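Accompanying notes for the structure given below.
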Amino acid sequence: MTIKPLLMSKHARLFIQVILFFFGFNRVLGQNLLNRSISITARQTKLTTVLNEISAKGGFYFSYNGSIIPQDSVVTLVASNQPISVLLHQLFKDRYEYEERKNHIIITTVLGHLSFLNPDLTVDGKSYIVSGIVVNENTGEHLMNTSVYEKEQLSSTLTDRQGYFRLKLNKDYHGEIVVTLSKIFYRDTTLHFLEPVLINSRPDRKNYSNAAHPGNHVEQTGIGRLLISTRQMIQSMNIPDFFAKRPFQVSLTPGLSTHGMFSPQVVNKFSLNLAGGYTAGVNGLEVGGLFNINKGDSKYFQLAGIFNLVGGNVTGLQFAGVDNKVLDTVKGAQVALFTNSTGEQLSGVQISALHNQTRHLKGLQVGLVNVADVSDGASIGLLNIIGNGFYRVTWSANNISNSNFALKTGTHNFYSELLISTNISANKKFYAFGLGIGHDFILNDKLYVSAETNYQIASTGLWDDRWSQGKLLLNFQLTKNISLLAGPTINHYDHSGEYSEGYENITNSTSHSDDFDANHQSRNWVGFETGIAFNSVFKPAKRAIDHSQNWYLGFYGTEGIGWDKPYKLVSGGELSLERALGGQLMGILSTGYTYFSVQKNYVIGSIGSNDIYAQPVKVFPVKAGIRLMTGGNFFIASEIGEGFGTGQPQLINNNFQQIKTSFHSFIYSASVGYTFKSGVETGIKFEDYSLQSQYKQFAFRLGYRLKLNK
């Protein structure tokens, strides 16, 4: 008789606990955050401190934009068991709105209300004309720069200073006319016209979406601010989340298109921009004579004469004559003459002559300078700045040259090398430079083996020799940054056949005179290399949207050496005008003067019995290009253009009585350097004045950059 009551009491207690928990839990769930009551005493206290105390006592978190709330203001708040909504009203009155999401109260500014005055619908030939005045519903203020648009016909306009608008629509369109008002910091207002009837309901449309899009950042870039009109920027602020889809569009320039000012809100399957265009995106093919700007995503092929700028993602192929810039992710390939950049992840390939950059590399980069915060792929270039990688500076000696310098950058899985070699000797001079690639096999914390291959252009009097190597180097880590290296090498050397006294005879030819032609002799051998290295890692790159639009005027002097005989010293000067385009990128226009001196009495040919002697070459270049700051004040730059002046004598149509000395040809150049805060700038450059001649130079560059605007 004693067991049964005991069992029942346990069941009863369990049942009562479950019931109490259930009702208590539902009471907690059912309690609105804004209706929770707390007590607080705060006198002459910072607003942020008061908000933190309210959230702690209420068991939730506040979420707000720090720029809209005066966080450092001092307030007094004393309340006993009052709802949080009442406390917020005491603090802010009616200046803000409050929204609950899970365990957060979101504070936002109160949006104003728009209203039509004197809305009118008239017929003008084959068009409907909708007109009226837009005002602030509460104050009656006439509102300028309010976007007024019709979603189905993609027609839009902005109100003038008096708030007046006049919107032209196609009369042949069948269905109700839906006109929407949008302005930043105001709620959207929509009117529906069915002939002269005014309605106040919203339709469900399938040809457009109101999904928020991340691509508005293109308008914050330097090049976006340069090319996108103020009216289009205002429209984007007023209508940030409306995007339509259409089969095609044609633009002359941004704003002059078949979709008019609504072009940045439309995603097209085919987009043709004769000079350039600004659209919401493309889902097929986009071609731009000069440039393409997409607010959102780009699929599947995008081609531009100068640049592509995409605010969202790219899937497929992106090709530009100068620059490709994607603010989000690329799945495919970016190919540009100068630069490629991806804001987030690259799953594919970046190929350029100058610079490639991404945050996370899952693929391949090929360029002069490659940058990635994290690399799960490979970068091939002169300099690879990899956040999870390394750089290694080595000095070594072998049986050809006693001073070999190498800069190795990348990851242990794959790295690139920049090589410069010289043999310091009065009678066996030798010079070479080139590129290589390598992979490290990690044995333990102290030992690793480097497998490398490289290719160099060499000189034993002329820059016509070629030197290839394969290396297997054992590295021993002495300290954190210093290591020793040694190992065998396999060498192949191809000689031009023209020798000069005082230079090394690598192919062991029996003749060593200026007029000997050995028809490109070659030599293969196994050698040995040993040296020392300094090892370190790159610091993480700082990322920020660059809004700069500065102008600079540069004055530079150059002094260099010619590529080959008969050219010796090369002197000159440059004048450049530079404009910041955002993202550490600058556009350049330049001109100047270059003078190639020649060896005295150097014969380049003859007419009959008369010798023709080499003459100095004088060039006036006109170039355009880009400059990119790669970190701190270091920069790389590249330019192309045309050179005009006088060159070496040339026979005209084999007519021995006529000689042509005028010169004009394509020019390209690449340079690297450092800009000091004072404006002084120094660097080196390589410049080729003609693809068909030896007008080339390596030059030291020193000058001053003057900032033209504040």
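List of remarks:
- Legend: ranking of residues TRP563, TRP525, TRP463 from fewest to most surrounding C-beta atoms inside 10 Å; resulting order TRP525, TRP463, TRP563.
- Span from the segment 665-710 Cα centroid across to the segment 105-166 one, whole angstrom: 53 Å
- Protection proxy ranking for 374-385, 40-51, using the average of other Cβ atoms within 10 Å per residue and placing the highest first: 374-385, 40-51.
- Local net charge near ASN268, Cβ-Cβ under 15 Å (Lys/Arg +1, Asp/Glu -1): +3
- Spacing of the modelled spin labels on PHE441 and ASN402, each 7 Å from Cα toward Cβ, amounts to 3.3 nm.
- Averaged over residues, the count of other Cβ atoms within 10 Å places the peptides 365-372, 245-252, 95-102 in the sequence 365-372, 245-252, 95-102, highest first.
- Backbone N atoms of segment 368-383 closer than 15 Å to the 7 Å Cα→Cβ label point of ASN413 belong to residues 372-380.
- Estimated from the Cβ-Cβ distance and a Förster radius of 30 angstrom, the FRET efficiency linking THR139 and SER85 is about 0.70.
- Förster radius 45 Å - calculated FRET efficiency between LYS46 and GLN162, Cβ distance, rounded to 0.05: 0.55
Every number in this text was worked out from the coordinates using simple rules, so none of it is lab data. Quantities reported herein were computed from a predicted structural model and do not represent experimental measurements. For neighbour counting, all protein chains shown are included, and Cβ atoms are generated from backbone atoms with ideal geometry for every residue, glycine included.
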